[in-house]
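All remarks here apply to the structure that follows.
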Amino acid sequence: MHYFDCFVAAVPKENKQKYLEHARISAEVFKDHGALKITEAWGDDIPEGETTSLPLAVQCKEDENVVFSTVVWPSKEARNQGWVAIMEDPRMSEEANPMPFDGKRLIYGGFETLLES
């Protein structure tokens, strides 16, 4: 079964195009280092919560939008090896591919597949 990374971030609405450019470069790098599929999703119908919600989780401001991303890997081992290479890839440097959002509010994690249907 596959292994997944997921990311949730708050991106300034005015940076939507910059984010897409960042994501395209990042997707190429991830695929070059073993990822099978990358999905980037711009929030469209995300409810505000009082206790928990995606906007609360990333401290989304009024001028920002929630972005949800996934990376599919063939295995956790491939993911771990891929990440080492990704972090060393010059295309992912701040100069070559700056993050158009506050990386301190990025939420991410790795997940083993529980069910595929």
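The values are calculated or read from the model by the stated rules, or taken from the named source; none is laboratory data. In this text, all values refer to a predicted model and were calculated from it rather than measured experimentally. Note that we place each Cβ from the backbone using ideal geometry, even for glycine, and neighbour counts take in every protein chain shown. Remember, those area values only see protein heavy atoms, side chains included, never the ligands or the DNA or RNA. Shrake-Rupley method; radii C 1.70, N 1.55, O 1.52, S 1.80 Å.
Some values worked out for this structure:
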quantity: Test for GLY103: is it surrounded by 16 or more Cβ atoms within 10 Å (Cβ to Cβ) and out of contact with any strand residue (DSSP E or B) (no Cβ under 6 Å at 6 or more places or on another chain); calculated: no
quantity: Top-ranked residue of the stretch 69-81 - restricted to ones that are in contact (Cβ under 8 Å) with a residue 12 or more places away in the chain and open to solvent by 90 Å² or more (accessible area, probe 1.4 Å), ranked as nearest to THR113 (Cα to Cα); calculated: LYS76
quantity: Matching residues in the stretch 48-63 - criterion: being in a loop (DSSP other than H, G, I, E, B), modelled with pLDDT of 95 or more and not β-branched (Val, Ile, Thr); calculated: SER53, GLN59, CYS60, LYS61, GLU62, ASP63
quantity: Filtered residue count, the stretch 21-32, keeping only those that are within 23 Å of HIS2 (Cα to Cα), of a type outside the set (S, T, N, Q) and buried (at least 16 other Cβ atoms within 10 Å of the Cβ); calculated: 4
quantity: Residue list for the stretch 33-54, filter: open to solvent by 80 Å² or more (accessible area, probe 1.4 Å) and either in contact with a Gly (Cβ under 6 Å, 6 or more places away or on another chain) or within 12 Å of TRP73 (Cα to Cα) (or both); calculated: LEU36, LYS37
quantity: Only one of VAL84, VAL66 that is surrounded by fewer than 16 Cβ atoms within 10 Å (Cβ to Cβ), free of Cβ contacts under 8 Å to residues at least 60 places away in the same chain and either part of a strand (DSSP E or B) or of a type in the set (A, V, I, L, M) (or both); calculated: VAL84
quantity: Qualifying residue in the stretch 21-31 (condition: closer than 21 Å to GLU116 by Cα, under 16 Å from the mean Cα position of the chain (by Cα) and among the β-branched types (Val, Ile, Thr)); calculated: no
quantity: Residue list for the stretch 60-115, filter: among the small types (Gly, Ala, Ser) and within 21 Å of ALA41 (Cα to Cα); calculated: SER69, GLY103, GLY109, GLY110
